[in-house]
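Enquirer: Attaching a single structure in structure tokens format; questions to follow.
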Amino acid sequence: MAFVNENYCNLKESYLFADIAHKVSAYAAAHPDKKIIRLGIGDVTRPLAPSVVEAMTKAVAEMGVQETFRGYGPEQGYDFLHEALVKYYAAFGVKLDSDEIFISDGAKSDCGNITDIFSNANTILVPDPVYPVYLDTNIMCGRKIIFMEGGPENDFLPMPDENVKADVIYLCSPNNPTGAAYTKEQLEKWVAYALKNDAVILYDAAYEAFVADPAIPRSIFVIEDAKKCAIELCSMSKTCGFTGTRCGYTVVPKALVRKTQDGRELELNKMWLRRQTTKFNGVPYIVQRGAETAYSPVGVKECRENIAYYQENARIMMAGFDKIGVKYYGGVHSPYIWLQCPNGMTSWEFFDFLLEKLQIVGTPGAGFGSKGEGYFRLTAFGSRENTIEAMERIVNGLK
């Protein structure tokens, strides 16, 4: 008999955003005359940067010519993209070696797959509220999970507790869903905690390009000795608009060494390389050529213009909530507005109110954990027109 993984019984029946999609589809089918504005899932709406499209078009043509055709590429990514990322990190003071970078099809995949190199005996520390992938992937492995609570009292930025011993720590900054961002001083405390406990920090930097204050780190590796205790996961989805193109990367420093349960020391960089060369066939050449250009000076400039567009959307949303006195967080270093549900509504009650009364889709905070109850996430990734219209509906609907 083939036994299945019983840990799946401990998961919620479906993924958060699948539940939302089902509810919205049912409402749309019953009300085909209603215009629904979707500010729920964090999907970009601006097109790819012109230089990126040009690079990918050129790469497509190369694939149609015998002399420049390419088949399987290196599982860890082409050197040309590694070199572009090394230069990108150097621009904000982080020195990386090319072989510390691993190209993937996105940070979500790596967040789930990185668990392969860690023992199931580890204790996992995750924030609450939390991006569901951190939690679900560890439930699937049957690991012990401890929550660190985020709320208004700590600006949704949990800090180390010396009474809590954890082996693997998930941090996301700027944060999804709350939009909060750790300062350098706060990250120094996390690095000190990890070094003291021989723990590993899995640092999700998917939204680093939205950081508006140069004093806020865009990489955990600006912290001294972070390479001895941290892995950084980053997505090109929000930085470069690659949600439909699929590309990301993970940085595993060569200085990061930990022991097996029987005392053998292993380099996590080599472990991740072994995992990827076994289970991953690499990102398409065409996509990587586009990504390379996205991190070139002209590409960065064009991608930043799209980010500025979303940041203006966030400003419009914050101004609307200010007008009606709704408390919110985020929006400054993040494309997310994390608002307190008005009139004492639960997060799912507010979801239903927005959908049924105002035809707006958001994400209930309860889907991000128990500490998310009473809060709600809206994204700034919509079009300018839809963002303005949505806020007009909300301002008028909540007066």
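The values are calculated or read from the model by the stated rules, or taken from the named source; none is laboratory data. Not measured: the values here are computed from a predicted model. Neighbour counts run over all protein chains shown; Cβ positions are idealised from the backbone, glycine included. The area values use the complete protein model at the heavy-atom level, side chains included, leaving out ligands, DNA and RNA. Shrake-Rupley method; radii C 1.70, N 1.55, O 1.52, S 1.80 Å.
Enquirer: Multiplying the sequence separation of ASP225 and ASP116 by 0.36 nm and subtracting their Cα-Cα distance, what value in nm do you get?
Expert: Gain on stretching ASP225 to ASP116: 36.8 nm.
Enquirer: Then there's this: Starting from the Cα coordinates of the stretch 1-136, work out the convex hull volume and express it per residue in Å³. Please list the in-between numbers first.
Expert: Working: hull volume 38.6 nm³, N = 136.
Convex hull volume per residue, Cα atoms: 284 Å³.
Enquirer: From the helices alone, meaning DSSP H stretches of at least four residues, give me the mean residue ellipticity at 222 nm for the chain, per-run term -39500 (n - 2.57), in deg cm²/dmol to the nearest 500. Can you show the working numbers first?
Expert: Working: 12 runs with 148 residues, N = 399.
Roughly -11500 deg cm²/dmol at 222 nm, from the helical runs in the chain.
Enquirer: Related question: Tell me the per residue accessible area of the chain using a 1.4 Å probe; a whole number in Å² is fine. Display every interim value, and only then the final one.
Expert: Details: 17840 Å² over 399 residues.
Heavy-atom accessible area per residue stands at 45 Å².
Enquirer: For the pair ARG304/VAL395, report the inter-label distance in nm, with labels modelled 7 Å from Cα in the Cβ direction.
Expert: 3.0 nm
Enquirer: Could you give me D for the stretch 197-241, from Stokes-Einstein at 4 °C and 1.567 mPa s, where the hydrodynamic radius is the Kirkwood radius over C-alpha pairs? Units µm² s⁻¹, please. Each step should come with its number before you reach the end.
Expert: Working: Rh = 11.4 Å.
For these conditions, the coefficient is 113 µm²/s.
Enquirer: Dividing the convex hull volume of the alpha carbon atoms of the stretch 293-399 by its residue count, what do you get in Å³ per residue?
Expert: Values: hull volume 11.3 nm³, N = 107.
Taking only Cα atoms, the stretch 293-399 has a hull volume of 106 Å³ per residue.
Enquirer: What span do the alpha-carbon atoms of the stretch 2-75 cover on each of the three principal axes, reported in whole Å from largest to smallest?
Expert: Largest to smallest, the principal-axis extents are 52, 49, 18 Å.
Enquirer: Is any residue of the stretch 335-352 close enough, with backbone N under 16 Å, to a label point placed 7 angstrom from the Cα of ASP19 along the Cα-Cβ axis, and if so, which?
Expert: 346-352
Enquirer: What number, in percent, do you get for the relative contact order of the stretch 268-394 if the mean sequence gap of Cα pairs under 8 Å and at least 6 apart is divided by its residue count? Walk me through the numbers on the way to the answer.
Expert: Details: 138 pairs, mean separation 27.6, N = 127.
Result for the stretch 268-394 is 22 percent.
Enquirer: Would the chain count as rounded, prolate or oblate if I go by the C-alpha gyration tensor, calling it rounded below 1.5 in a/c and otherwise prolate when a/b exceeds b/c, oblate otherwise? Don't skip to the answer; put the middle values down first.
Expert: Details: a/c = 1.56, a/b = 1.20, b/c = 1.29.
Oblate.
Enquirer: With no solvent and one equal point scatterer per Cα, compute the Debye intensity ratio I(q)/I(0) for the stretch 194-297 at 0.21 Å⁻¹ and report its log10, rounded to two decimals.
Expert: Calculated log10 I(q)/I(0) at the listed q: -1.21.
Enquirer: Report the Cα centroid-to-centroid distance between the stretch 358-399 and the stretch 29-44 in angstrom, as an integer.
Expert: The stretch 358-399 and the stretch 29-44 have Cα centres spaced 12 Å from each other.
Enquirer: Still on this model: What relative contact order, as a whole-number percentage, does the stretch 174-306 give when Cα pairs under 8 Å and 6 or more residues apart are counted?
Expert: Numbers: 170 pairs, mean separation 24.2, N = 133.
Relative contact order, the stretch 174-306: 18 percent.
Enquirer: List the DSSP H helices in the chain whose Cα atoms stretch 24 Å or more along the helix axis and whose mean Kyte-Doolittle hydropathy is at least -1.0. Walk me through the numbers before you get to the answer.
Expert: Values: long enough: 297-324 (41 Å, -0.35).
Long hydrophobic helices here: 297-324.
Enquirer: What FRET efficiency comes out for the pair ALA90/ARG274, r = Cβ-Cβ distance, R0 = 30 Å, nearest 0.05?
Expert: On the way: r = 28 Å, r/R0 = 0.92.
That pair, ALA90 with ARG274, gives E of 0.60.
Enquirer: When the chain is fully extended, how far beyond the present Cα-Cα distance does PHE80 get from ASP99, taking 0.36 nm per residue of separation?
Expert: Numbers: separation 19, 0.36 × 19 = 6.84 nm, distance 1.20 nm.
Between PHE80 and ASP99, full extension yields 5.6 nm more.
Enquirer: When only Cα pairs under 8 Å and 6 or more residues apart are kept, what is the percent relative contact order across the chain? Don't skip to the answer; put the middle values down first.
Expert: Working: 738 pairs, mean separation 90.2, N = 399.
The value is 23 percent.
Enquirer: Using only the alpha carbons, work out the radius of gyration and Dmax of the stretch 93-244 in angstrom.
Expert: When restricted to Cα atoms, the stretch 93-244 yields Rg and Dmax of 14.6, 43 Å.
Enquirer: Still on this structure, please answer the following. At what distance in nm do the modelled label points of TYR72 and HIS31 sit from each other, each positioned 7 Å from its Cα along Cα→Cβ?
Expert: 5.2 nm
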